Amino acid sequence: MNRILIRASAAWLGPGRLVEDAQVVCEGGRITYAGAVTGINAADQELAADGFVMPAVADRHVHIEMSDPAAVLAGGVTAVRDLGWPVERIFALADASEMPSFDGPLIKAAGPMLTAPGGYPTRDGWAPPGTGRELTSVEDATAAVQELARLGAAAIKVSLNAEAGPTPSDAELAAICDAAHMADLPVTTHAQGKGQVERALGAGVDELAHTPWTRLSDEVIQAAATQLRIVSTLDILSFGRDTPEIRTALDNLRRYHVAGGKITYGTDLGNGSIPPGIHTREALLMVEAGLEPEEVLEAMIRAPLEADAPADVIALRTNPLEDLRALDDVQLVIRSGRVVTRG
Ligand SMILES: [Zn+2]
């Protein structure tokens, strides 16, 4: 079995676990040791990271076929979740991505967004036919979820974008949540337009696929913080500029964070000019929303480095806990125990 030994002057293994003179050992695609340097020396491959080691990044909102999987992986992102793409294309790609030799991140997928006839994204230029699955009834909503579960969906995505067309009814939304939860799948939603976050909360949706960019009341923020998590996707609202949308989204996310809400990192890769790989500007916007650098890293990683975790590791030149711009300088990427890039 291929054993890789990584040594670094410092490592952040996960929340509260900063180690100097660190050592990480990978074997057969899993971590077998992560901590201070020990006597373990025998290895097939020894890597001395001249910098800072941490878990690799997961991007929990992408449209992977609109980007370059190889560049995503080389940029430090070893796992992604695709939140909207046609069935016949995305699940085959997700299967292929499980092979250790796949030149890209591990891909988990929701498949198409469940929507109303003519609803978002069925009439949007970016979305190929089949990116939206148009529901015709409550029974059809249940059947659609069951079919996606059989195909291996990792989540169910619902379109509640009332600004771009009709949305599923409350009864359909409830049926989607029931069927998804029966299949142990989370429901994530694109909620846009007045009252749509409230509808998601009422139906028991588990996640907002974007930080909302219309202002939410304190009452709604409080409910959201206890009931669901938010995928950040902040930079698509501004692409480095100052816009009313980013200001409102940051205000929503700040209050949600103070209320104890759970935030996870996602970029909506494929939307506009989001670059493949770790997107440092997204991380910096999370700091603007009030997260500490360590909280940002916690929201970004696939899994802490500990025995039995996937052997997904990156090395940076400098310490991101001191300055998150360190994420711009990825020196080494390991996915499932395979060395992908050495800077
Ligand atoms: Zn998206």
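For the reader, a short list of remarks on this structure follows.
- Looking only at the range 158-217, residues that are touching a Phe, Trp or Tyr at 6+ places or on another chain (Cβ under 6 Å) and either among the polar types (S, T, N, Q) or farther than 17 Å from Met113 by Cβ (or both) come to 2 in all.
- Single match in Arg30, Arg60, Arg7 (criterion: touching a residue at least 12 places away in the same chain (Cβ under 8 Å) and within 16 Å of the ligand (Cβ to nearest atom)): Arg60
- The residues listed here are Pro293, Pro276; of these, the one that is within 18 Å of the chain's Cα centre (by Cα), within 23 Å of Glu20 (Cβ to Cβ) and modelled with pLDDT of 95 or more is Pro293.
- Search result, residues across the range 73-90 that are within 16 Å of the ligand (Cβ to nearest atom) and free of Cβ contacts under 8 Å to residues at least 60 places away in the same chain: Asp82, Trp85, Pro86, Arg89, Ile90
- When each of Trp85, Trp12 is tested for being in contact with a helix residue (DSSP H, G or I) (Cβ under 8 Å, 6 or more places away or on another chain) and farther than 19 Å from Ala154 by Cα, the lone residue that passes is Trp12.
- Check on Ala180, more than 20 Å from Gly261 (Cβ to Cβ), surrounded by fewer than 19 Cβ atoms within 10 Å (Cβ to Cβ) and more than 16 Å from the ligand (Cβ to nearest atom): no
- Yes/no for Ala171 being among the small types (Gly, Ala, Ser), more than 19 Å from the chain's Cα centre (by Cα) and within 17 Å of Glu134 (Cα to Cα): yes
- Subset of the range 13-61 (residues that are surrounded by 13 or more Cβ atoms within 10 Å (Cβ to Cβ), touching an Asp or Glu at 6+ places or on another chain (Cβ under 8 Å) and within 30 Å of Asn271 (Cβ to Cβ)): Gly14, Pro55, Ala56, His61
- Residue list for the range 1-36, filter: at negative phi, modelled with pLDDT of 95 or more and outside any strand (DSSP E or B): Leu13, Pro15, Arg17
- Evaluated against (1) closer than 23 Å to Arg302 by Cβ; (2) surrounded by fewer than 18 Cβ atoms within 10 Å (Cβ to Cβ); (3) without any contact (Cβ under 8 Å) to a residue 60 or more places away in the chain, Pro166 falls short on exactly one condition, (1).
- All positions within the range 165-184 that are among the small types (Gly, Ala, Ser) and assigned to a loop (DSSP other than H, G, I, E, B): Gly165, Ser169, Ala183
- Test for Gly130: is it surrounded by 17 or more Cβ atoms within 10 Å (Cβ to Cβ), within 16 Å of the ligand (Cβ to nearest atom), within 30 Å of Ser273 (Cβ to Cβ) and not basic (Lys, Arg): no
- Filter result for the condition that a residue is more than 16 Å from the chain's Cα centre (by Cα) and among the basic types (Lys, Arg), over Arg325, Arg302: Arg325
- Cβ-Cβ distances below 6 Å connect the following pairs, each with a first residue in the range 91-116 that is small (Gly, Ala, Ser), a second residue that is assigned to a strand (DSSP E or B), and a separation of six or more residues or different chains: Ala94/Ile107; Ala94/Ala109; Ser97/Leu106; Ser97/Ile107; Ala109/Asp82; Ala110/Lys157.
- Annotation: of all residues in the range 294-320 being surrounded by fewer than 21 Cβ atoms within 10 Å (Cβ to Cβ) and among the aliphatic types (A, V, I, L, M), the one that is nearest to His61 (Cα to Cα) is Ala303.
The values are calculated or read from the model by the stated rules, or taken from the named source; none is laboratory data. Because the structure is a prediction, the values reported are computed rather than measured. Ideal geometry is used to build each Cβ from the backbone, glycine not excepted, and the neighbour counts take in all protein chains shown.
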